[in-house]
Amino acid sequence: GDMELLTAWSVIESLVEPPYDKTGQPGRPPMPLKAMLRIYYMQQWFQLSDPAMEGALYDSQSMQRFAGLEMGRDAIPDETTILNFRHLLEEHQLTEKIFAEVRKKMGPAAASAPDAFAEVVSVRDDAPPIDRPVAWNGRRP
C-alpha cells in the first residue's frame, strides 16, 4: 500500500533491532519487530493510548493487516507489550530517529502524514473513518 512506499521499514527495523533483540532471554517470545513498529506508528498517527491501541487492533482488520497480524493466527499485543515497546524506543532515543526516516522519504508531504495515513487505513475495509477510542482515563485524547 501507500505506506509501504512511504516508509523505509528496513532502515527503521535496523535502528530498533539491536535493543529489541531478546534472543536467549527468559519470558514470552517477543512480538515480531515489524508488527510492533507498525503498531507504534499507528498509535502515534491516531493518537491512541496503549489500551486504545490494543482495542483498535482487535476491532480493525485494516490495522491488523497493516501490522501484519491476523486474528486467530497471531497473538495480538496487549497494552503492556505496547507500553514496553514504546518505553524501549524512548529509552534508546529512537522515536525521533524513526520518524525522521519517514519525513526524509516523504519530503514536503510529511506534514500531512497522519491525515493521509488515516484515509489509507480506513478505506481498506470500506469502513467508516476510525473514531479515536476513549483513552484509559475516560477522556478523548
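Quick check: is even one residue across the stretch 45-66 assigned to a loop (DSSP other than H, G, I, E, B) and among the aromatic types (Phe, Trp, Tyr)? Yes, that holds for at least one residue. Summed over the stretch 29-43, residues that are under 10 Å from the mean Cα position of the chain (by Cα) and open to solvent by 30 Å² or more (accessible area, probe 1.4 Å) total 1. Pairs are defined by a Cβ separation below 6 Å, a sequence spacing of at least 6 or placement on different chains, a first member in the stretch 63-76 that is touching a residue at least 40 places away in the same chain (Cβ under 8 Å), and a second member that is among the basic types (Lys, Arg) and open to solvent by less than 50 Å² (accessible area, probe 1.4 Å); the pairs so defined are PHE66/ARG38.
One residue stands out in the stretch 69-105 among those that are assigned to a helix (DSSP H, G or I), closer than 23 Å to LYS22 by Cβ and among the aliphatic types (A, V, I, L, M): the one that is most open to solvent (accessible area, probe 1.4 Å), namely LEU83. Cβ separations smaller than 8 Å between residues 6+ apart or across chains give no pair from the stretch 6-17 residues that are within 14 Å of ALA35 (Cα to Cα) to residues that are at pLDDT below 85 and not in a helix (DSSP H, G or I). For the stretch 44-56, state whether one or more residues are in contact (Cβ under 8 Å) with a residue 12 or more places away in the chain, touching a Leu at 6+ places or on another chain (Cβ under 8 Å), closer than 21 Å to PHE99 by Cα and surrounded by 14 or more Cβ atoms within 10 Å (Cβ to Cβ). Yes, there is a match, as at least one residue in the stretch 44-56 is in contact (Cβ under 8 Å) with a residue 12 or more places away in the chain, touching a Leu at 6+ places or on another chain (Cβ under 8 Å), closer than 21 Å to PHE99 by Cα and surrounded by 14 or more Cβ atoms within 10 Å (Cβ to Cβ). Just one of (1) modelled with pLDDT under 95; (2) touching a Pro at 6+ places or on another chain (Cβ under 8 Å); (3) farther than 12 Å from PRO77 by Cβ; (4) open to solvent by less than 70 Å² (accessible area, probe 1.4 Å) fails for LYS22. It is (4).
The values are calculated or read from the model by the stated rules, or taken from the named source; none is laboratory data. Since the model is a prediction, treat every value here as computed from it, not as a measurement. Backbone-built Cβ (ideal geometry, glycine too); neighbour counts: all protein chains shown. Side chains included, ligands, DNA and RNA excluded: accessible areas come from the protein's heavy atoms. Shrake-Rupley method; radii C 1.70, N 1.55, O 1.52, S 1.80 Å.
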